[in-house]
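What follows is a set of notes on a single structure, which appears directly below.
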Amino acid sequence: MTGFGEMRGLLIFGLILLIIVIVSLAAYLVTGPMGIEARYSHAVGMPAEEEEPGGGWFGFSLEGNPLLYVVILVILGIICLAAYLRWRKQEAR
Amino acid sequence: MIYDCQPDIGGVPVAHIHLPDGSFTLTWVLVWWFWALVLVGAALLLARRTKQIDPGKITIAAFVTAASFAIFQVQIPIAGGVHMNLTPLIGILAGPVLGALVVFIVNILSAAIGHGGWGLVGANVLVNFSEVLAAYITYRGLKRVTSSLFSRAGIATFAGLFVGNIAMMGIILISGIQGVTQTTSQILVGLSLLAAVNMGVAVIEAIITGLMVEYIGRVRPEILDGDRG
């Protein structure tokens, strides 16, 4: 199945991707550009939330409190490291 | 019953269902929280039944939790602002049992930093779990169709996020929104357009998930083998 199977998978993936891009683009043209909160509010008929002022890096921005984000990410990183070291130790045995 | 409390942490009162706290009545908030807790309880019971959980699985669950939390909070400047959550990757790598616990933790942590109201955590856990489960089933089901890990993971991502959008629409339509004058059919049309735009980001997420799974399959294929979760 290697060659044909792989090609078949890629064909299905490409077809789905194409359909999604077309449908998504059409929906975007209907609704117009708006932030995610505004998009939700608009969809259900609620008054739009006031958008956060710009910022972030190249349009990328953080949702929520940045300090808490970093703190939680560091804690998760420590947990990952501990879990990984435990795994390595068990694998070595 | 009117339930109205806006979270004041971080000033962004939205969740994965990007609506402010108070959009659902307290009854529906409690209903979705109840089912989310039932789901987490069932996942804990199933996990406990496994005599010895493979430390490898625990490590993978920890890594996908960190990755999902990290990316979940980042708004990407596409179509006015969208974000990814990597739930299909959680389903593929951790499986549905550990996946249920992972999405619960990610939603709790997200609410804790002010990304999303606490009232919508229950509903969002159910939405995210539907993505995990659909991606897991699709990924495994495609094994007989194609040998390409990239395609399997990519298609599983599309399936997961599609099911997640359906679940999101279903939960909103069942719960109803407080204080709006739109009819159910108007809300359905609005949510359908929203879901269609949301699916646009699924393309990026599918490619990223596909590449990650293909890479893992090359360097550590045992992670993708067997019945996980």
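Where a number appears in this text, it was derived from the coordinates with a stated rule and is not lab data. Computed from a prediction, not measured in an experiment: that's the story for all the values here. Cβ coordinates were reconstructed from backbone atoms using ideal geometry, including for glycine residues, and neighbour counts include every protein chain displayed.
Taken over the range B:172-222, residues that are over 21 Å from the mean Cα position of the chain (by Cα) and closer than 19 Å to residue B:152 by Cα amount to 9.
With respect to the stated conditions, residue B:167 is among the hydrophobic types (A, V, I, L, M, F, W, C) and more than 7 Å from every other protein chain (Cβ to nearest Cβ). All conditions but one from (1) surrounded by 22 or more Cβ atoms within 10 Å (Cβ to Cβ); (2) outside any helix (DSSP H, G or I) apply to residue B:181; the one that does not is (1). Looking at the range B:197-226, which of its residues are over 19 Å from residue A:12 (Cα atoms) and surrounded by 20 or more Cβ atoms within 10 Å (Cβ to Cβ)? If the condition is that a residue be over 19 Å from residue A:12 (Cα atoms) and surrounded by 20 or more Cβ atoms within 10 Å (Cβ to Cβ), then B:197, B:198 are the ones that fit.
Per-residue answers, yes or no, for (1) within 14 Å of chain A (Cβ to nearest Cβ); (2) under 15 Å from the mean Cα position of the chain (by Cα); (3) surrounded by fewer than 24 Cβ atoms within 10 Å (Cβ to Cβ):
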residue	(1), (2), (3)
B:70	yes, yes, yes
B:84	yes, yes, yes
B:92	no, yes, no
B:98	yes, yes, no
B:103	no, yes, no
B:118	yes, no, yes
B:149	yes, no, no
B:158	yes, yes, no
